[in-house]
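> Following this message is one structure expressed as structure tokens.
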Amino acid sequence: MMSIRVLAFDIDGTIFSSESIISQVYAEAVSEYAALRGLTIPIPGHEDIMKEIGKPVKTIFANLLPMMPPKERDKISDRVLSLLVENIQAGKGHYYEEIENTIRDLHSKGFKLVACSNGRSAYIEAILKYLNVLSLFCPLVVLDEKNRLEKGDILAHYIKEMNIPAESILMIGDRHSDWEASRKTGSPFAFCDYGHADPGEIPNYEFILKNPEDLKKILL
């Protein structure tokens, strides 16, 4: 455990859950767009949305709104982002119990903290800022549609920029994309069993977390 010095946190399903607000946000964004253009667009259901959480944004919207041209999907996607940020800033959504204290305690013990999420920077920043921990994290790195196309590329970027061995950065997350990132780089994986994963979604892991505080039991 002593070789782990950097903690790479997924966001939704690890630090925060959007489950209580996500359906309303999608419904509002899709309905607004449809009304403005006089269209009928099916609103994605809650279960369908939850299955997509953790994937790159463009993949999510391609899966949920396959009937729409990419540029039009992007407009709805941008509106969803805006509404999500507004909701988070208003205190909506759910932060997992003891996540703030866990983050602060680990940072105080000298661990470097990074965000490793397929979400966009405004979304990640809003979540970390409301929790009052944004300043504890290294500068955010997100997908850029060029060099970083998936979460594993973000994790690889941190490894390269920090000039550290892959084994010293722990990927912490709840979805297959988090597991995949850890396996792509050769980094250890801590599976957040309290998050959004479906049964059997995660093939294997080095550590399992039943709650955020389990991180301290593993690392301290």
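> Take every Cα-Cα pair in the chain and report what % of them are more than 29 Å apart.
Numbers: 5802 of 24090 pairs.
Tail of P(r) above 29 Å: 24 percent of Cα pairs.
> Now for a different question. Per 0.36 nm of contour for each residue apart, how much would the distance between Ile208 and Asp144 grow if the chain were fully extended, relative to their Cα-Cα spacing?
Values: separation 64, 0.36 × 64 = 23.04 nm, distance 3.01 nm.
The Ile208-Asp144 span can extend by a further 20.0 nm.
> Hey, another quick one. Roughly what % antiparallel, to the nearest 5, for the DSSP beta bridges in the chain? Working shown, then result.
Working: 2 of 18 bridges.
The answer is about 10 percent antiparallel.
> So what's the back-of-envelope 222 nm ellipticity for the chain, counting only DSSP H runs of four-plus at -39500 (n - 2.57) apiece and dividing by all residues, rounded to 500? Don't skip to the answer; put the middle values down first.
Working: 9 runs with 102 residues, N = 220.
Mean residue ellipticity, 222 nm, calculated: -14000 deg cm²/dmol.
> How far apart, in nm, are two points set 7 Å out from the Cα along the Cα-to-Cβ line at Glu32 and at Arg104?
Between Glu32 and Arg104, the simple spin-label model gives 3.4 nm.
> Counting Lys and Arg as +1 and Asp and Glu as -1, each charge on the Cβ, what is the dipole of the range 19-89 about the Cα centre in debye, to the nearest 20?
On the way: 8 positive and 10 negative charges, 60 e Å.
So the magnitude is around 280 debye.
> Reachable lysines from Lys217, Cα under 16 Å, same-chain residues fewer than 8 places away excluded?
Of all the lysines, those that pass the test against Lys217 - Cα under 16 Å, at least 8 places apart if same chain - are Lys109.
> Also: So which of Lys71/Lys129; Lys71/Lys160; Lys55/Lys184 end up more than 23 Å apart by C-alpha? Show your work: numbers first, answer last.
Numbers: Lys71/Lys129 30 Å; Lys71/Lys160 33 Å; Lys55/Lys184 16 Å.
The answer is Lys71/Lys129; Lys71/Lys160.
Read-outs: derived from the displayed coordinates by stated rules, not from any lab. Model, not experiment: these values are computed from the prediction. Methodologically, a virtual Cβ is constructed for each residue, glycine included, from the backbone with ideal geometry; neighbour enumeration extends over all protein chains shown.
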